[in-house]
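Chemist: Before anything else, here's the structure in question.
The values are calculated or read from the model by the stated rules, or taken from the named source; none is laboratory data. Everything quoted here is computed from the prediction, not taken from an experiment. Here Cβ is always computed from backbone atoms with ideal geometry, including for glycine, and neighbour counts include all displayed protein chains. Please note that ligands, DNA and RNA were not included when accessible areas were found on the heavy atoms of the full protein model with its side chains. Shrake-Rupley method; radii C 1.70, N 1.55, O 1.52, S 1.80 Å.
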Amino acid sequence: MVHALVFDSGVGGLSVVQELRALIPDIYITYVADDEFRPYGTKTEAQLQARLPELLQTLVFAVQPDILLIACNTASTTALKQIRNTVDIPVIGVVPAIKPAAQMSKAKAIAVLGTPGTVRRKYVGKLIRDFASDCQVVLHGSTGLVELAEQKLSGQILNPFALKAEVEPMFRDVNIDTIVLACTHFPLLLDELKQAAPYAVNWIDSGYAIAKRTQTIAGKMEIKSRPTYPQTALLVGGVYNRERAKMFATFGFEKTVCL
Ligand code: DGL
């Protein structure tokens, strides 16, 4: 059974955990949320490149997983190469599902809904040039939605007007019919996003593709023996909160520990 270390700035990676558990039921996961440095979406490339390789090298050394999943578009589009250079296990990143969105769009008009950092990255520009050159592409960055997803998973009631205000500008100028959820926090708000949209659109995220890739790579690896410790969520610089621990338990993490 493969042991995956799933990493994100917060609870967003749980949208990937959901897909992993559905596809690989016996997977063992250690989850790490970098609460201390969230939101990543407002940090510069230099800040993320300075923090992430060293942090992940330390985590991999301490946790000893078989595979590392960077379940964060902002981190993956900024520092994946640097992270790969510092660890000696397979690293899987999450990148926006622009290719399937462009193929699915009948109107040939799509939106990339990510963090402000992700929608600005050169990497995303290249994906658009390579796979969506026949589409009009609206780039929409939101940090407010990251915070709303964190609030939802801490058991708070969301303000629907705040959510609507975050997405409305995306529909203003172009009749988009397909939206790429280019931040792992956003699939956790899918029901709310559907309600906030002025008309029905296709919503696409990368969760299933990442789970599939993990399954393929794990199938070819020599797997270490399963840890005897309960599956744990580690919160870097996090503050212990009972609601959050209960929520992590619903994703299969028996323990939640603040580092
Ligand atoms: N979940 C993250 C992503 O996929 C980042 C959210 C943030 O910290 O800004 O981009």
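Chemist: Given the -39500 (n - 2.57) contribution per DSSP H run of 4+ residues, what per-residue ellipticity at 222 nm results for the chain, rounded to the nearest 500 deg cm²/dmol?
Modeler: Value at 222 nm, helices only, nearest 500: -13000 deg cm²/dmol.
Chemist: Shifting gears a bit: Between Phe131 and Gln151, what is the label-point separation in nm under the 7 Å Cα-to-beta-carbon projection?
Modeler: If labels sit at Gln151 and Phe131, their model points lie 3.2 nm apart.
Chemist: Under the Karplus relation 6.51 cos²θ - 1.76 cosθ + 1.60, θ = phi - 60°, what is the ordered set of whole-Hz ³J(HN,Hα) values for segment 190-200, x standing for Gly and Pro?
Modeler: Those phi angles translate into 4, 4, 5, 5, 4, 5, 7, 6, x, 8, 6 Hz.
Chemist: Sticking with this one: Quantify, in whole percent, the carbon and sulfur part of the accessible surface of the chain (1.4 Å probe; protein heavy atoms only).
Modeler: Its accessible area is 53 percent carbon and sulfur atoms.
Chemist: If each of Gln82 and Asn202 carries a label point 7 Å out from its Cα toward its Cβ, how far apart are those two points in nm?
Modeler: Spacing of the two 7 Å Cα→Cβ label points: 3.5 nm.
Chemist: Round to the nearest 10 and give me the degree value, 0 to 90, for the angle of helix 14-23's Cα axis relative to the longest principal axis of the chain.
Modeler: 70 degrees
Chemist: Cross-link list Lys81/Lys246; Lys99/Lys152; Lys99/Lys194; Lys152/Lys255; Lys81/Lys212: which exceed 26 angstrom alpha carbon to alpha carbon?
Modeler: Violating the 26 Å limit, Cα to Cα: Lys81/Lys246; Lys99/Lys152.
Chemist: A follow-up question, please. Treating cross-link reach as a plain straight distance, find the aspartates and glutamates whose alpha-carbon is under 16 Å from the alpha-carbon of Lys126, omitting any fewer than eight places away in the same chain.
Modeler: List returned: Asp134.
Chemist: So with the 1.4 Å probe, I'd like the accessible area per residue for segment 24-166, rounded to whole Å².
Modeler: Details: 6320 Å² over 143 residues.
So segment 24-166 comes to 44 Å² accessible per residue, rounded to a whole number.
Chemist: Moving to a separate point now. Could you give me the ³J(HN,Hα) list for segment 85-91, computed from phi with Karplus coefficients 6.51, -1.76, 1.60 and θ = phi - 60°, whole Hz, x at Gly and Pro?
Modeler: Computed from phi, the couplings for segment 85-91 are 5, 9, 10, 10, 10, x, 10 Hz.
Chemist: Related question: Given R₀ = 22 Å, FRET efficiency for Cys258-Phe61 by Cβ-Cβ distance, to 0.05? Before the final figure, lay out the partial values.
Modeler: Details: r = 20 Å, r/R0 = 0.89.
After rounding, the FRET efficiency stands at 0.65.
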